[in-house]
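Comments concern the structure below.
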Amino acid sequence: MPGRRPWDQDGALPAARAALLEARGIVVLTGAGVSAESGVPTFREPGSGLWARYRPEELATPQAFARDSRLVWEWYDMRRQAVRACAPNPAHRALARLLLEREDVTLVTQNVDGLHQRALEDEADERAETNPKDARTRVLPLHGTLFRVKCSGCGRARDHAEPVDTTSLATLPRCSVCDDLERPDVVWFGEPLPAVTLERAFRAAGVAEICLVVGTSGQVHPAASVATVTLESGGRLIEVNPHPSALSPRAAWRLRGPAGEVLPRLIR
Ligand code: BV8
Ligand code: ZN
């Protein structure tokens, strides 16, 4: 067929589109791949610089922060600056439209870049008639956000987006209440996910007829098991990913293309 995208050879896209339209209840699970076309490097595709030298599993841990807070903050400050220079891509915008148009859609993300939230504000600004307040509550950031910090001592959290001077321990952010070191308010390996957020994600997944899995290798738990909850309650998976993932074998439709191209066509 003329103009067919390489990733839509087997005609899975129209079938997946129909399933999405007919579904009562949709849960979306996204990972780093949904932000790839915004220029945010994913975890497992070798980037450049600091990232290539260290495995995220080595830096995104409480042990790494206790051992070398300066180095961990250097990695996070680099990522914050990288993300600040990025914009939501058509994949984020398509998912924001889905959230605004359907109250039975919940977006569960593993990403800490805040791009889904920015896309939702951008889409809502362009469509004055919608009420983004409700949609905002249906975006569940399982692993926290780069743009908040919390005290490693007393736990006090606050929004924080300005650059951090990571040249020495003495210039890292400190809590104004107990003076302990502040850390990025993200969930590190070995740390529990925010219980209420995770419970809401599992509840939405349990009543969803479709789980739309976008841009995740599906290797990190318990996030990846959001998809399993939908399957176990009789729902089906649609996967959008140029490559196979740990969830691919259980997907009813596999759309092997970049999210920025596929999602605007899947969610028209
Ligand atoms: C916990 C925040 C317990 C920080 C992150 C053995 C077996 C099972 C589990 C474990 C195990 N050993 C340890 C565990 C538990 C561990 C875990 O799952 N480890 C994995 C590595 C095996 N999990 C934990 O530690 C969790 N906590 O279990 O606590 C507990 C309970 C109670 C009390 C105390 C303790 C915490 C996990 C959260 C870690 N934090 N992020 C930060 O970001 O800095 S994880 C981080 O990595 C992300 O958030 C995300 O979850 C993960 C990255 O995965 P992806 O998003 O999938 O990205 P990836 O690069 O892997 O893949 C990108 C995909 O995109 C690819 O498939 C690619 O093909 C695709 N793609 C590329 N381009 C595009 C695209 N797709 C579409 N379009 C494109 N253009
Ligand atoms: Zn404190």
Cα-derived Rg over Rh, computed across the stretch 169-268 with Rh taken as Kirkwood radius:
1.13
Would you kindly state how much longer the chain becomes between residue 250 and residue 136 on full extension, computed as 0.36 nm times their sequence separation minus their alpha carbon distance, in nm to one decimal?
38.1 nm
With only helices counted (DSSP H, runs n ≥ 4, each -39500 (n - 2.57)), the per-residue ellipticity at 222 nm for the chain, to the nearest 500, works out to -10500 deg cm²/dmol
Using only the C-alpha atoms of the stretch 106-166, find the volume of their convex hull and express it per residue in Å³.
113 Å³
Restricting to the chain, compute how many DSSP beta bridges are antiparallel as a %, nearest 5.
25 percent
Taking R0 as 51 Å, what FRET efficiency do you get between residue 176 and residue 15 from their Cβ-Cβ distance, rounded to the nearest 0.05?
0.40
From the phi of every residue in the stretch 68-79, what ³J(HN,Hα) in whole Hz does the Karplus formula 6.51 cos²θ - 1.76 cosθ + 1.60 yield, where θ is phi - 60° and glycine or proline is x?
8, 4, 5, 5, 5, 5, 4, 5, 5, 5, 5, 5
For residue 168 and residue 268, what is the calculated FRET efficiency with R₀ set at 51 Å and r taken between the beta-carbons, to the nearest 0.05?
0.45
Which whole-angstrom value gives the distance between the alpha carbon centres of the stretch 107-149 and the stretch 229-260?
22 Å
Could you tell me the relative contact order of the chain? Use alpha-carbon pairs under 8 Å, at least six residues apart, and round to a whole percent.
26 percent
Quick one: net charge around residue 180, please, counting Lys, Arg +1 and Asp, Glu -1 for every other residue with C-beta under 13 Å from its C-beta.
+2
Between residue 158 and residue 195, what length in nm is gained on full extension when 0.36 nm per residue of separation is reduced by their alpha carbon distance?
11.4 nm
Sort 256-265, 166-175 by packing, meaning the average of other beta carbons within 10 Å per residue, with the highest value first.
256-265, 166-175
If you filter the stretch 173-268 for chymotrypsin sites (Phe, Trp or Tyr not before Pro), then keep DSSP loop positions with at most 16 other Cβ within 10 Å, what is left?
189
Here the chain gives, from Cα atoms, an Rg and Dmax in Å of 18.9, 65
Residue separation between residue 128 and residue 85 times 0.36 nm, minus their alpha-carbon distance, gives in nm 12.9 nm
Let me check I've understood the local charge: for residue 140, count other residues with C-beta under 12 angstrom from its C-beta, Lys and Arg +1, Asp and Glu -1. What total comes out?
+3
What distance in nm separates the simple spin-label points at residue 78 and residue 232, each placed 7 Å from Cα in the Cβ direction?
3.8 nm
Determine the shape class of the stretch 73-126: with a ≥ b ≥ c the square roots of the Cα gyration tensor eigenvalues, call it rounded for a/c under 1.5, and otherwise prolate if a/b is greater than b/c, oblate otherwise.
prolate
The stretch 155-267 - percent relative contact order, Cα under 8 Å, separation 6 or more:
17 percent
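Taken together, the values in this text are just the output of simple stated rules run on the coordinates, not laboratory data. Predicted model, so just to flag it, every value in this text is computed and none were measured. Don't worry about glycine lacking a Cβ; one is built from the backbone with ideal geometry, like all the others, and counts go over all protein chains shown.
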